[in-house]
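K.L.:
The following block contains the structure, expressed as structure tokens.
The values are calculated or read from the model by the stated rules, or taken from the named source; none is laboratory data. As the structure is a prediction and not an experimental result, all values here were calculated from the model. Here the Cβ positions follow ideal geometry from the backbone for every residue, glycine too, while neighbour counts run over all protein chains shown. Accessible surface is based on the protein model in full, side chains and every heavy atom, while ligands, DNA and RNA are left aside. Shrake-Rupley method; radii C 1.70, N 1.55, O 1.52, S 1.80 Å.
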Amino acid sequence: MKVIVCIKQVPDTKGGVQFNPDGTLNRAAMLTIMNPDDKAGLEAALRLKDQYGAEVTVLTMGLPKAADVLQEAIAMGADDGVLLSDRVLGGSDTLATSLALAAAVKHLGEFDLVLCGKQAVDGDTAQVGPEMAEHLEIPQITGALSLSYEDGKFVVVRENENYQLTLACAAPLLVTVTKSEKEPRFASIKGKMKARKAQIPTPVSYTHL
């Protein structure tokens, strides 16, 4: 089972938010964290790894310093990380972001599951995951509360207005996660040592996909 988890480095709003003269976020000057919904998606992937030996690859798009969240994910238990970084992607809206990430997923080869956070705290659109599924031409389930694997299908419990809905779908599939059934795990000492030694590949350029 191969799982790709899309994560994003976002501003830590507790540390204060700064803006450039043109009104855009000054990301270089802010403290950053892994987007909370993405961390929930990573935890769901790591539970599949614990139960079924899934291979977990984390993918992020951003500035070179976004490699920090890849190392954090590896410290938590992910197998490897891929950074998509290119000046041409600067200022991307949700459509451009989803196109770029979908191209990177295709570049990585065959997969069973793509996990994304439902939304990012710095954009709050909840559009990137669903748009990626459209570009990849695969089924999608949004707003997942829990994820398991039964009888050759992924079983997802999702939030649906005032009730919960349980759906099952065969691979390949994209799921957006809104929160973890369990709190995301902390990085272990062994994981931190692995992350320190991990060689995050040279940033992948979008123009080379």
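For (1) open to solvent by 40 Å² or more (accessible area, probe 1.4 Å); (2) free of Cβ contacts under 8 Å to residues at least 60 places away in the same chain; (3) of a type in the set (Asp, Glu); (4) touching an Asp or Glu at 6+ places or on another chain (Cβ under 7 Å), each residue gets a yes or a no:
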| residue | (1), (2), (3), (4) |
| --- | --- |
| Glu134 | yes, yes, yes, no |
| Gln140 | yes, yes, no, no |
| Lys153 | yes, yes, no, no |
| Asn160 | no, yes, no, no |
| Tyr163 | yes, yes, no, no |
| Leu167 | yes, yes, no, no |
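K.L.:
Just give me the residues in region 58-67 being under 17 Å from Ala120 (Cα atoms) and either within 12 Å of the chain's Cα centre (by Cα) or assigned to a helix (DSSP H, G or I) (or both), in sequence order.
P.N.:
Passing the criteria: Val58, Leu59, Thr60, Met61, Ala66.
K.L.:
On the basis of being open to solvent by less than 30 Å² (accessible area, probe 1.4 Å), touching a residue at least 40 places away in the same chain (Cβ under 8 Å) and assigned to a strand (DSSP E or B), does Leu174 make the cut?
P.N.:
yes
K.L.:
Looking at (1) buried (at least 18 other Cβ atoms within 10 Å of the Cβ); (2) within 14 Å of Val204 (Cα to Cα); (3) of a type outside the set (Val, Ile, Thr), which one does Asp37 not meet, given that it meets all the others?
P.N.:
(2)
K.L.:
Next question. Of Lys49, Lys14, which residue is surrounded by fewer than 19 Cβ atoms within 10 Å (Cβ to Cβ) and either part of a loop (DSSP other than H, G, I, E, B) or at pLDDT below 90 (or both)?
P.N.:
Lys14
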